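To keep things clear, I will list the structure first and then write my remarks on it.
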Amino acid sequence: MKKALFIDRDGTIIKEPADEQIDSLEKLEFVPGAIGGLRALMNRGYEIVMVSNQDGLGTDSFPEETFWPAHNKMLDTLRGEGVEFDEILIDRSFPHENLPTRKPGTGMLTKYMNGDYDLANSFVIGDRLTDVMLAHNLGTKSILIAHPDETDAHCDLATTDWAKIARHILSCDRRVTIMRNTSETRINVTVDLDGNGESHIDSGLKFFDHMLWQIPHHSGIMLRAECKGDLEVDEHHSMEDLAIALGEAIREALGSKVGIDRYGFVLPMDECRAMVLIDFGGRADFVWNVDFTREYVGDTPTEMYKHFFKSLCVAMKCNLHISASGENNHHLIEGVFKGFARALRMAIRRDVFSYELPSSKGVI
């Protein structure tokens, strides 16, 4: 489904003068950081829609021709910085008319309410409570251009920092839930690559849970993983299917991969050494060089760890090379999981103000 950003104009993109009318070029001044923030949001999976109330535009008290020069200059400036709106919607009524097209009414936005848009994951960005109310009426999230300690509005974010706005919105894109139900397992995995939310892990295997907890703890992601599997048969199906669901969730959460570091770890674990190399280049290649001397550690068979990471690698469509050596089998596999988590942390790190795809080919 499509998503949209419904963005106010005055006080949000450009500063609003004392008389609340941008009716001359001399009054045109951008809100600090707005251009950079908007540019960071371009081509990130959202339609960008300007939604503005302009009191009496086109009336004798506010002639239409006094509005457009400053408006068009604003659009030309934004266009020169790579910012273009998919649609510009301007209501020209006065407040006392109470028309449904006037914010917080949704009359101008009916086409976005026909079921083709994922409004729950869309945003309204504005500087007034009417923008927050519009978000409520649309069923979207809201961002208010205001100091957090100066408002009690019930919005998802209150800030005057456009860089923070861009990071907040783009972070929401990196949260994915995968449900995988078979005749052998029922899996529910949620990842948030930016670490929003509390992690929870229950695979049915206590030692495996202990290993999986290394991933959110050392990678910084949020991970919720639940598995109801046929452990009365053996551990294979649960560990394999959880790996597949986790890999799919990470792959989908990476999205376009624009701005990520892509690569990533070598670390010691007491007497053990683990090396995990990762490349989210879109191709699956797996190398495993870890030798165990015990059949089980805790309630988990050591032979399943190779299969777990191979299944994870294929689902993530990445290169994953793992080598580890040492004496204590507990330390050995824990070092591998910690190394994987640290490699993941490095590779998924993203600069939201980077517009580069980390590939000389121009595609991943």
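Would you be able to tell me the number of residues in the stretch 241-266 that are among the hydrophobic types (A, V, I, L, M, F, W, C) and open to solvent by 20 Å² or more (accessible area, probe 1.4 Å)? Going through the stretch 241-266 one residue at a time, the tally reaches 4.
For the stretch 185-225, enumerate the residues that are of a type in the set (D, E, K, R) and part of a strand (DSSP E or B). Scanning the stretch 185-225 gives R186, D192, D202, R224. Would you confirm, using the coordinates I've provided, whether F292 is open to solvent by less than 10 Å² (accessible area, probe 1.4 Å) and either at pLDDT 95 or above or not small (G, A, S) (or both)? For F292, the condition - open to solvent by less than 10 Å² (accessible area, probe 1.4 Å) and either at pLDDT 95 or above or not small (G, A, S) (or both) - is not met. Against the conditions (1) open to solvent by 20 Å² or more (accessible area, probe 1.4 Å); (2) under 16 Å from G45 (Cβ atoms), L170 satisfies every one except (1). Within the stretch 137-167, if we keep just the residues that are over 24 Å from L109 (Cα atoms) and assigned to a loop (DSSP other than H, G, I, E, B), the residue that is most open to solvent (accessible area, probe 1.4 Å) turns out to be D152. Answer with yes or no whether S323 is closer than 14 Å to F265 by Cα, among the small types (G, A, S), open to solvent by 10 Å² or more (accessible area, probe 1.4 Å) and modelled with pLDDT of 95 or more. Against the criterion (closer than 14 Å to F265 by Cα, among the small types (G, A, S), open to solvent by 10 Å² or more (accessible area, probe 1.4 Å) and modelled with pLDDT of 95 or more), S323 qualifies.
Looking across K310, K317, K338, one residue alone is surrounded by fewer than 20 Cβ atoms within 10 Å (Cβ to Cβ) and farther than 30 Å from R39 by Cβ. It is K310.
Counting only residues that are assigned to a loop (DSSP other than H, G, I, E, B) and open to solvent by 80 Å² or more (accessible area, probe 1.4 Å), which one in the stretch 71-99 is nearest to K2 (Cα to Cα)? Result: D86. All of K2, K27 fail the test of being under 21 Å from the mean Cα position of the chain (by Cα) and either basic (K, R) or surrounded by 13 or more Cβ atoms within 10 Å (Cβ to Cβ) (or both), apart from K2. Scanning the stretch 173-184 for residues that are open to solvent by less than 30 Å² (accessible area, probe 1.4 Å) and either in a loop (DSSP other than H, G, I, E, B) or of a type outside the set (A, V, I, L, M) (or both) returns a single hit, R174.
The values are calculated or read from the model by the stated rules, or taken from the named source; none is laboratory data. Note that the coordinates shown come from a computational prediction; the quantities given were computed from them, not determined experimentally. Cβ coordinates were reconstructed from backbone atoms using ideal geometry, including for glycine residues, and neighbour counts include every protein chain displayed. Note: areas computed on protein heavy atoms with side chains; ligands, DNA, RNA excluded. Shrake-Rupley method; radii C 1.70, N 1.55, O 1.52, S 1.80 Å.
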